[in-house]
Amino acid sequence: MPITLAEFDATVERLWPTEFAEGWDAPGVVSGASDDRVDRVLLAVDAVADTVDQAVAVGADVLFVHHPLLLRGVTSVAETGYKGALLAKLIRSRCALVAAHTNADIVDDGTSAVLASRLGLVDQRPITPGARPGTGIGRVGRMPEPTTLGRLALALGEILPATATGVRVSGEFEQPVATVALCGGAGDSLLADPAVRGADVYITADLRHHPASESREQSLHGSGPALVDVSHWASEWLWLETAAAQLTEALPEVEFVVSDLRTDPWDFVITQ
Ligand SMILES: [Zn+2]
């Protein structure tokens with residue numbers, strides 16, 4: 001019996017229950033018919049023109065993404081707007097759109113946990129614990145061997161897919177690092193968390209001037225972590241391989257393909 005979109009969505013719901021998503025989030029099925037057949041799924045961080053084109057080109061029945069395309073109130077899906085155009089292309093190609101966002105961040109093998117595991121962190125625990133044991137936002141743990149901030153940043157450069165903006169660091173190259181806090185995606189809301197303040201370094205994405213500067217000054221004044229700012233897309237892209245493996249185990253009759261297209265919005269930088 002072929003797998004239907006309803007059955008695919010039930011598997012997504014089992015792996016990443018939407019009841020544990022943040023209240024403002026909008027995961028789940030964005031478009032598609034419940035009884036549509038699902039033979040092939042393309043996984044990507046973002047539903048953008050490149051990944052929608054790729055989904056259609058590879059004949060995917062579902063584009064499964066981390067970031068919901070529709071997160072705020074929508075009053076039109078006219079194709080003069082890019083979101084309407086993307087949805088229309090997907091619907092005409094009978095390719096459904098499904099998202100797992102903060103419900104995939106929080107689980108014990110979610111976006112932050114995958115990055116923590118790739119760094120080899122031991123004694124991992126969430127920065128902000130969730131409702132179920134082992135779940136929660138962000139991760140904190142110890143490096144298997146003490147290292148330096150510079151070596152940690154170089155290791156991140158090896159682990160993460162390449163982006164124009166690379167890995168930005170606030171701190172001394174040679175300063176020692178034993179305890180690491182991290183949050184895949186935009187994690188500046190956790191900068192004041194005691195688990196982050198108590199770590200030697202905090203790795204996240206999308207750090208803006210004021211939160212980063214204030215954290216740095218507080219670290220210099222008293223104590224606090226060095227900062228590592230990576231690409232939002234890169235920090236979450238790692239999770240797609242884990243998600244594909246989990247989905248493959250649950251639905252072996254479906255083919256899961258991870259998109260290697262870079263949907264980080266930055267294309268080049270000028271270094272001075
Ligand atoms: Zn994100």
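For the reader, a short list of remarks on this structure follows.
- Residue check for W233: under 13 Å from the mean Cα position of the chain (by Cα) and either outside the structural domain of E13 (by TED's automatic domain parsing) or part of a helix (DSSP H, G or I) (or both): yes
- Going through (1) part of a loop (DSSP other than H, G, I, E, B); (2) within 24 Å of S259 (Cα to Cα) one by one, G224 falls short only on (2).
- Residues in segment 27-46 that are crowded, with 17+ Cβ neighbours inside 10 Å and either among the aliphatic types (A, V, I, L, M) or modelled with pLDDT under 95 (or both): V29, V30, V38, V41, L42, L43, A44, V45.
- Subset of segment 91-103 that is surrounded by 21 or more Cβ atoms within 10 Å (Cβ to Cβ) and within 21 Å of V52 (Cα to Cα) - its residue that is nearest to the ligand (Cβ to nearest atom): H101
- Selection of segment 35-91 for residues being touching a Leu at 6+ places or on another chain (Cβ under 9 Å), in a loop (DSSP other than H, G, I, E, B) and more than 15 Å from W237 (Cα to Cα) yields D35, D36, V58, A60, D61, L69, L70, V77, E79.
Residue-wise test of (1) within 22 Å of V167 (Cβ to Cβ); (2) acidic (D, E); (3) within 12 Å of the ligand (Cβ to nearest atom); (4) crowded, with 18+ Cβ neighbours inside 10 Å.
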site: A226; (1), (2), (3), (4): yes, no, no, yes
site: W239; (1), (2), (3), (4): yes, no, yes, yes
site: L247; (1), (2), (3), (4): no, no, no, yes
site: E253; (1), (2), (3), (4): no, yes, no, no
site: D267; (1), (2), (3), (4): yes, yes, no, no
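- Any hit, segment 112-133, residues being of a type in the set (D, E, K, R), farther than 26 Å from A55 by Cβ and within 16 Å of the ligand (Cβ to nearest atom): no
- Scanning segment 248-261 turns up no residue that is within 20 Å of the chain's Cα centre (by Cα), over 20 Å from V114 (Cα atoms), assigned to a loop (DSSP other than H, G, I, E, B) and touching a residue at least 12 places away in the same chain (Cβ under 8 Å).
- Top-ranked residue in segment 182-198 [being of a type outside the set (G, A, S) and within 13 Å of the ligand (Cβ to nearest atom); ranked as modelled with the lowest pLDDT]: D188
- Selection from segment 199-219 of residues that are away from the ligand (no atom under 16 Å from the Cβ) and part of a loop (DSSP other than H, G, I, E, B): A199, D200
- Just so you know, in segment 47-70 the residues that are of a type in the set (G, A, S) and either modelled with pLDDT under 95 or within 15 Å of Y82 (Cβ to Cβ) (or both) include one that is farthest from the ligand (Cβ to nearest atom), and it is A49.
- Here segment 7-26 is the region considered, the condition is being surrounded by fewer than 19 Cβ atoms within 10 Å (Cβ to Cβ) and within 15 Å of A250 (Cβ to Cβ), and the residue that is farthest from the chain's Cα centre (by Cα) is E7.
- Screening the candidates G166, G198, G184 for the property of being surrounded by 19 or more Cβ atoms within 10 Å (Cβ to Cβ) and not assigned by TED's automatic domain parsing to the domain that holds V98 yields one hit, G184.
The values are calculated or read from the model by the stated rules, or taken from the named source; none is laboratory data. Computed from a predicted structure; not experimentally measured. For neighbour counting, all protein chains shown are included, and Cβ atoms are generated from backbone atoms with ideal geometry for every residue, glycine included.
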